[in-house]
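I have placed the structure first, in the form of structure tokens, so that the comments after it can refer back to it.
Each reported figure results from applying straightforward, stated rules to the coordinates on display, with no laboratory input. Given the structure is predicted, the values throughout are model-derived calculations rather than measurements. Don't worry about glycine lacking a Cβ; one is built from the backbone with ideal geometry, like all the others, and counts go over all protein chains shown.
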Amino acid sequence: MDNANLYAALRAAFPAALDATAIETCDTPVPLFYSWRDLERGTAMLANLLQSLALPRASRIAVQVDKSVEALMLYLAVLRAGHVYLPLNTAYQAGEIEYFVGNAEPAVVVCSTRHFGWVSRIAFTAGTKHVYTLDDDRKGTLLDRAAWQSDVHEVAPRRADDLAAIVYTSGTTGRSKGAMLTHGNLLSNAQVLHAYWGFAAQPPGSDTLVHALPIFHVHGLFVAVHAALLSGSKMLWFGRFDARAVIARLAQATVFMGVPTLYVRMLAEPALTRAACAHMRLFVSGSAPLLIETFDAWRERSGHTLLERYGMSETLMLTSNPYRPEAARRGGTVGFALPGVGLRVRDDKGLPLAGGEIGGIEVKGPNVFKGYWRMPEKTAEEFTTDLWFKTGDVGRIDADGYVSIVGRSKDLIISGGYNVYPAEVEGCINALAGVAESAVVGVPHPDFGEVGVAVVVAQPGAVLDAAAILSELRTRIAHYKVPRQVFVVAELPRNAMGKVQKKLLREEHAGLFG
């Protein structure tokens with residue numbers, strides 16, 4: 001039986017010229033150049049270190065470190081050793097880490113040196129036997145220990161259904177859930193994107209990816225990294241996103257993947273021109289909704305049309321706008337269901353809806369996760385009787401098959417018995433003169449049960465009046481959709497991937513109407 005270990009498939013795609021550069025760092029004190037041979041040897045040594053610990057099969061390896069090439073090698077080493085990778089957001093604090101470690105019971109925890117004191121106390125208290133450090137300057141006890149290991153390692157045999165990673169969801173509706181992703185989930189999605197986004201059509205190794213995303217998240221770790229490795233493509237590696245520095249490297253690249261916030265920041269730079277983007281073939285946007293204004297502005301400034309896609313921690317990528325023809329990419333949509341992915345829209349009773357009607361999005365396919373770690377009841381609850389996963393997203397499929405995401409079902413506002421979809425109201429607000437962006441959330445109300453509150457950010461130099469916004473909205477949408485109150489703020493709260501944290505806004509304004 002062939003080895004279904006994801007690392008085996010990625011390794012098979014390495015170019016024959018192993019001494020060619022695989023990764024070039026762009027914001028280290030001096031540029032560092034890692035060859036494909038370096039990746040192979042480095043991951044072998046780290047995998048041998050894990051093997052020397054005599055860990056139980058499929059042990060969880062929890063990692064909370066700053067972005068570095070060595071951190072990427074650790075991820076690949078965990079795969080090739082046959083264990084389960086558990087990436088943790090670098091912003092998580094002690095209470096959150098205590099929950100994740102207690103829930104996942106990792107055999108190994110790796111953290112940055114500056115956090116070793118409190119992280120190790122949590123880990124050792126929970127029964128973890130091995131805690132190492134790893135920093136973004138190629139230092140730490142993990143590398144010190146791995147340096148003594150052999151640089152030859154036989155990839156651990158794994159089945160497609162074996163766990164490869166556990167990714168904890170944000171926990172916006174309660175305690176975080178660990179989405180269990182298998183080797184088969186990750187490889188199938190990587191192969192689909194490899195073909196769908198044109199990597200397969202390029203000569204091997206001819207693409208260069210600008211990697212400026214975090215690697216504790218599906219977008220940066222699985223989508224971007226797997227795309228590069230599976231196509232033998234070089235990566236220009238940024239530890240942190242810097243708009244001006246990224247634009248300066250586009251002339252040596254062909255692909256960039258980012259969240260909408262990154263595109264907004266690059267649009268603010270005069271250096272972003274058609275000439276600067278002339279060598280690029282693809283810009284991908286995801287992980288948060290893309291404003292139509294950003295979509296249009298990017299096309300005008302760069303000469304490229306952003307390719308927006310849609311996915312989740314539990315399912316990896318589900319839909320994508322077309323790669324070719326570029327003109328078929330539609331702003332405000334996330335394109336079509338990817339090959340092999342089933343996608344349907346149902347009402348709250350689970351009945352099918354006609355084309356164009358808004359309902360809950362359900363999906364099925366080889367990319368859909370195995371379930372939530374140690375939560376069998378929650379897993380069962382989130383799947384239909386015919387085993388489609390209920391994403392919790394609300395959307396529609398138009399007559400041409402394009403999928404549009406209206407919002408999360410948890411964000412739905414039911415005001416006086418009427419359904420209000422925040423994305424629709426936000427779209428109206430964002431179209432008003434002087435508005436940069438907005439967020440609409442539901443808060444308790446004594447008469448209507450729930451009403452909308454809008455939080456609005458002005459464009460640079462613009463002055464917004466809350467009363468004027470409300471007055472204009474009353475002429476554009478039904479009265480029950482109009483927010484009861486508008487607040488003008490400097491910025492919206494976001495997480496590391498650029499998603500607006502509506503939970504914080506709901507909490508802030510929960511007592512507004514008593």
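Can you run phi through the Karplus equation (6.51, -1.76, 1.60; θ = phi - 60°) for the stretch 399-412 and list ³J(HN,Hα) in whole Hz, with x for Gly and Pro?
Each residue's phi maps through the Karplus curve to give 4, 8, x, 6, 9, 10, 9, 8, x, 8, 4, 5, 8, 4 Hz.
In the stretch 133-235, what trypsin sites (Lys or Arg not before Pro) fall in a loop by DSSP, with at most 15 other Cβ atoms inside 10 Å? Walk me through the numbers on the way to the answer.
Details: sites: Arg138, Lys139, Arg145, Arg158, Arg159, Arg175, Lys177, Lys234; in loops: Arg138, Lys139, Arg158, Arg159, Arg175, Lys177.
Those satisfying the criteria are Arg138, Lys139, Arg159, Arg175.
How are the alpha carbon pair distances in the chain distributed across 20 Å bins from zero to the largest one, expressed in percent?
Taking every Cα pair in the chain, the percentages come to 22, 56, 22, 1.
When a/c is below 1.5 the answer is rounded, else prolate if a/b is larger than b/c, else oblate, so apply that to the stretch 446-497 with a ≥ b ≥ c taken from the square roots of the Cα gyration tensor eigenvalues. Could the numbers behind the result be given before it?
Values: a/c = 2.44, a/b = 1.33, b/c = 1.84.
Oblate, because a/c is 1.5 or more while a/b does not exceed b/c.
Over the chain, calculate the relative contact order: mean separation of alpha carbon pairs under 8 Å at least 6 apart, over the residue count, as a percent.
Working: 1048 pairs, mean separation 52.5, N = 514.
It comes to 10 percent, rounded to a whole number.
So who's got an amide H within less than 5 Å of the one on Gly311, skipping anything under 5 residues away but keeping other chains? H placed 1.01 Å off N, in plane.
Ser287, Leu318
When a/c reaches 1.5 or more, the comparison of a/b and b/c decides; with that in mind, is the stretch 50-134 rounded, prolate or oblate per its Cα gyration tensor?
Numbers: a/c = 1.70, a/b = 1.20, b/c = 1.42.
Taking the square roots of the gyration eigenvalues as a ≥ b ≥ c, the stretch 50-134 is oblate.
Assign unit charges at the C-beta atoms only (+1 for Lys and Arg, -1 for Asp and Glu), then state the dipole size of the chain relative to its Cα centre in Debye, rounded to the nearest 20. Present the calculation step by step, with values, prior to reporting the outcome.
On the way: 50 positive and 50 negative charges, 91 e Å.
Rounded to the nearest 20 debye, it is 440 debye.
Do the sum for the chain: with -39,500 (n - 2.57) for every DSSP H run of n ≥ 4, divided by all residues, what is the mean residue ellipticity at 222 nm, to the nearest 500 deg cm²/dmol?
Numbers: 15 runs with 142 residues, N = 514.
Here the helix-only value at 222 nm equals -8000 deg cm²/dmol.
Of Gly514, Phe256, Tyr168, whose Cα points farthest to the positive end of the dipole of the chain (charges on the beta-carbon: +1 Lys, Arg; -1 Asp, Glu; origin at the Cα centre)?
With unit charges placed on the Cβ atoms, the residue in question is Tyr168.
Arranged by the count of other C-beta atoms within 10 angstrom, fewest first, what order do Met266, Met180 take? Write down the numbers at each step before the final one.
Values: Met266 24, Met180 21.
Going from sparsest to densest Cβ surroundings: Met180, Met266.
With just the Cα atoms defining each centre, how far is the stretch 22-51 from the stretch 222-287? Give it in Å.
When both Cα centres are located, 21 Å separates them.
Is the C-alpha gyration tensor of the stretch 129-260 telling us rounded, prolate or oblate? Criteria: a/c under 1.5 is rounded; beyond that, a/b larger than b/c is prolate, otherwise oblate. Display every interim value, and only then the final one.
Details: a/c = 1.30, a/b = 1.21, b/c = 1.08.
Rounded shape, in that the Cα axes give a/c under 1.5.
So in the chain, what percent of DSSP beta bridges are antiparallel if you round to the nearest 5?
On the way: 46 of 79 bridges.
In the chain, approximately 60 percent of DSSP beta bridges are antiparallel ones.
Taking just the C-alpha trace of the stretch 12-307, give me its Rg and Dmax in Å.
My reading of the Cα-based Rg and Dmax gives 19.2, 57 Å.
Could you list Met73, Met375 in order of exposure, starting from the residue whose Cβ has the fewest other Cβ atoms within 10 Å?
Working: Met73 25, Met375 16.
Ordered by Cβ neighbours within 10 Å, fewest first: Met375, Met73.
Magnitude of the Cβ-charge dipole of the stretch 12-307, K/R +1 and D/E -1, about the Cα centre, nearest 20 debye? Before the final figure, lay out each step's value.
Values: 25 positive and 24 negative charges, 50 e Å.
Approximately 240 debye in magnitude.
Can you give the alpha-carbon Rg of the stretch 412-509 over 2.2 N^0.38 Å, where N counts its residues? Show your work: numbers first, answer last.
Values: Rg = 12.9 Å, N = 98, 2.2 N^0.38 = 12.6 Å.
This ratio for the stretch 412-509 stands at 1.02.
What residues have an amide H closer than 5 Å to that of Ala13, excluding those fewer than 5 places away on the same chain, when H is modeled at 1.01 Å from N in the peptide plane?
For Ala13, whose amide H was placed from the backbone, there are no distant partners under 5 Å.
Among His115, His83, His153, which comes first, then next, by fewest other beta-carbon atoms within 10 Å? If you can, show how the numbers build up before the last one.
Details: His115 17, His83 28, His153 22.
Ranking His115, His83, His153 by Cβ neighbours within 10 Å, fewest first, gives His115, His153, His83.
Quick one: angle between helix 69-81 and the longest Cα principal axis of the chain, in degrees between 0 and 90, rounded to 10, please.
Roughly 70 degrees between the two axes.
Jot down the per residue volume, in cubic angstrom and as a whole number, of the convex hull over the alpha-carbon atoms of the stretch 343-391.
On the way: hull volume 3.9 nm³, N = 49.
Per-residue hull volume (Cα only) is 79 Å³.
Note down, for the stretch 252-388, the three equivalent ellipsoid semi-axes (square root of 5 times each alpha carbon gyration tensor eigenvalue), biggest first, whole angstrom.
Details: eigenvalues 230, 53, 34 Å².
For the stretch 252-388, the ellipsoid semi-axes come out as 34, 16, 13 Å.
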